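No lab work stands behind these numbers, since they all come straight from the coordinates. The shown structure was predicted, so the numbers you read here are calculated from the model rather than taken from an experiment. Reconstructed Cβ throughout: ideal geometry from the backbone, glycine too, with neighbour counts over all protein chains shown.
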Amino acid sequence: MTNTIRSPPDPLWSRMAIHFSSVVVFAVYYRRTGNMMAAMCALVVASAAAVVVGLILERTIAPLPVILGLIPTVARTFLAAL
């Protein structure tokens, strides 16, 4: 039995994957369904997942998924109030 220590993932690669995963999910979901509202919901869910993964792997909050997750939520709340 050998003791192997895993090296942490390459920070640049993991950071790019965390930041842009929600955008990729949105684009793929919209391209396949053509439904903007469903794609926005997928964007919000993917953004929340990206923030959680960023907290676990990098111990920081990724700003891009937070912003991309908040914009549709705030816009929908604002438009519903009108």
What residue, among those in the range 14-39 that are more than 27 Å from L55 (Cα to Cα) and among the aliphatic types (A, V, I, L, M), is surrounded by the most Cβ atoms within 10 Å (Cβ to Cβ)?
M36
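Return the residues of the range 38-61 that are assigned to a loop (DSSP other than H, G, I, E, B) and in contact (Cβ under 8 Å) with a residue 24 or more places away in the chain; say none if nothing qualifies.
First, pick out the residues of the range 38-61 that are assigned to a loop (DSSP other than H, G, I, E, B): 58-61.
Matches in the range 38-61: E58 only.
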Which members of the range 62-82 meet the condition of being in contact (Cβ under 8 Å) with a residue 24 or more places away in the chain and not in a helix (DSSP H, G or I)?
A62
